[in-house]
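Only the coordinates and a few stated rules stand behind these numbers; no lab work does. Please read all numbers here as calculations on a predicted model, not as lab measurements. Glycine also receives a Cβ, built like all others from the backbone with ideal geometry; neighbour counts cover every protein chain displayed.
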């Protein structure tokens, strides 16, 4: 009898590429980071500390002192002006420069400093740039227009999922249209893929989905075709616009931020928003949240127990999986 893959048996060898592709990844939610406080994160196998300076700017550093490697999380001192190591008391400013060493009259010019990450804060999240070779960001991230549009509800954090998988595997799911009517048949009757457009680190894909939500769907009037606009930026962000043409229901926006935690695990944080054009907007947001969590819960056992096929034998019904994989190669 075939046994499912267990946590102990999962390893990076499941995938023929690095577990840590370069790109922008969600480090934390903006609302979670208060002035003068710290957050702890683990991204791409690295322990990080996240803090906010007195000017409101978010900063991200490796979580260990560059002097002798003491953890900055355990006993470190953080303020809106800087960080102090608990081991030898070295102090660093928000740019990571060493500014004071106890019992040392002056700081040597070559004193070790904290290496700050490249950080961007937008769309209610804090993003950090990861590159295994330490290169500067190869592309920039822009705020979604809806985040600054009063006609759209504030971006709302839904849930964070932990999955034993890879960020590329997660992102590939968005263009794998053939699995929706099978695995997600409780919410989808059918789905048809459309145009695919690639623009550097961005990928745009159109699909037409027919929802099947029983009484709930008929009550909300969404048992018909819904246009989907799927947009990605690298392997760390995907957003899906759902629009029902000619209907009074509001457009909805679902965002997901997959992040490599270590060689075996990723975490995925979801956000939701809707256009405020109807009294049904709050209900549609709740429905989007419920449907999103339902589909994620259906996907997770597949992701955690599947074997990656580098050369799949696809059918005409499958989405642009090979095109997606060729696009994803640029991030390694």
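With Kirkwood radius over Cα pairs in Å defined as stated, name the option among (1) 23.5; (2) 21.7; (3) 29.3 computed from the structure displayed.
Looking at Kirkwood radius over Cα pairs in Å for this model, the match is (2).
Under the rule of -39500 (n - 2.57) per DSSP H run of 4 or more residues, summed and divided by the residues of the chain, what mean residue ellipticity at 222 nm is obtained, to the nearest 500 deg cm²/dmol?
Here the helix-only value at 222 nm equals -4500 deg cm²/dmol.
So for the pair residue 42, residue 100, with labels modelled 7 Å out along Cα→Cβ, what separation do we get in nm?
Going by the 7 Å Cα→Cβ label model, 3.3 nm.
Taking 0.36 nm per residue of sequence separation and subtracting the Cα-Cα distance, how much length would be gained by fully extending the chain between residue 313 and residue 17, in nm to one decimal?
Full extension of this stretch gives 104.6 nm more.
Using a 7 Å offset from Cα along Cα-Cβ at residue 30, what residues in the stretch 271-314 end up with backbone N under 14 Å from the label point?
Answer for this model: 272.
Each label point is 7 Å from the Cα along the Cα-to-Cβ direction; what then is the distance between the points at residue 88 and residue 139, in nm?
Taking the simple label geometry, residue 88 and residue 139 are separated by 4.2 nm.
Can you order the peptides 151-161, 24-34 by their average number of other Cβ atoms within 10 Å per residue, highest first?
Final packing ranking: 24-34, 151-161.
For the modelled label position 7 Å from the Cα of residue 243 along Cα-to-Cβ, which residues of the stretch 262-288 have backbone nitrogen atoms closer than 15 Å?
Residues 274-277 fall inside that zone.
If the chain between residue 115 and residue 195 were fully stretched, how many nm would it gain, using 0.36 nm times the residue separation less the Cα-Cα distance?
Full extension from residue 115 to residue 195 adds 24.6 nm.
Could you work out how far helix 281-305 tilts from the main Cα principal axis of the chain, as a 0 to 90 degree angle to the nearest 10?
Result, in degrees: 80.
Once you have the Cα-Cα distance between residue 204 and residue 283, take 0.36 nm times their residue separation minus that, and quote the gain in nm to one decimal. Don't skip to the end; give the middle numbers.
Details: separation 79, 0.36 × 79 = 28.44 nm, distance 2.78 nm.
That works out to 25.7 nm of additional length.
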